[in-house]
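A short worksheet on the structure shown next.
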């Protein structure tokens with residue numbers, strides 16, 4: 001009898017875990033060829049610029065002394081340093097291959113084009129009420145910026161990650177990371 005209860009409990013745990021995985025899984029959205037900046041109406045780009053300014057997008061997506069929106073800004077968190085992403089239209093290291101639908105999904109659901117979850121690094125819950133029209137304007141603005149190649153580095157995640165998490169304590173990172181983080185914090 002005890003064996004049946006244990007097997008039943010184990011079965012429920014496995015089903016529960018599979019259910020949670022199914023809820024968390026998101027499919028990828030196919031990459032696109034980067035749209036031409038000239039393809040967006042000037043009024044839409046101007047609206048997106050105003051919204052990006054009001055939302056302080058550059059604050060998190062621009063490293064100190066770096067190119068606007070190219071990412072690389074390190075934010076200390078309890079679980080390591082999180083580096084912001086490149087939201088320029090660079091097709092390899094930015095959002096250049098993201099469709100407007102992929103960008104909207106990131107803004108409203110916190111899910112990247114490849115299906116990975118952006119939370120907790122990207123606080124999408126703050127942007128869920130941004131209207132579809134405003135997301136479209138932001139997309140037009142970011143896709144009309146100059147593309148910037150920006151591979152992100154971290155102590156533990158390697159090169160070229162959308163979001164890189166450094167799980168090594170700040171004092172144990174290589175010297176370049178320590179200096180970069182100190183310059184951003186101070």
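What follows draws every value from the coordinates through simple rules; no lab data is involved. Just so we're clear, the structure is a prediction, and the values are computed from it rather than from any experiment. Here Cβ is always computed from backbone atoms with ideal geometry, including for glycine, and neighbour counts include all displayed protein chains.
Per-structure values
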{"item": "Spin-label model distance (nm) - residue 6 vs residue 56, 7 Å beyond Cα toward Cβ", "result": "5.5 nm"}
{"item": "Neighbour-count ranking [beta-carbon atoms within 10 angstrom, fewest first] of 42, 105", "result": "42, 105"}
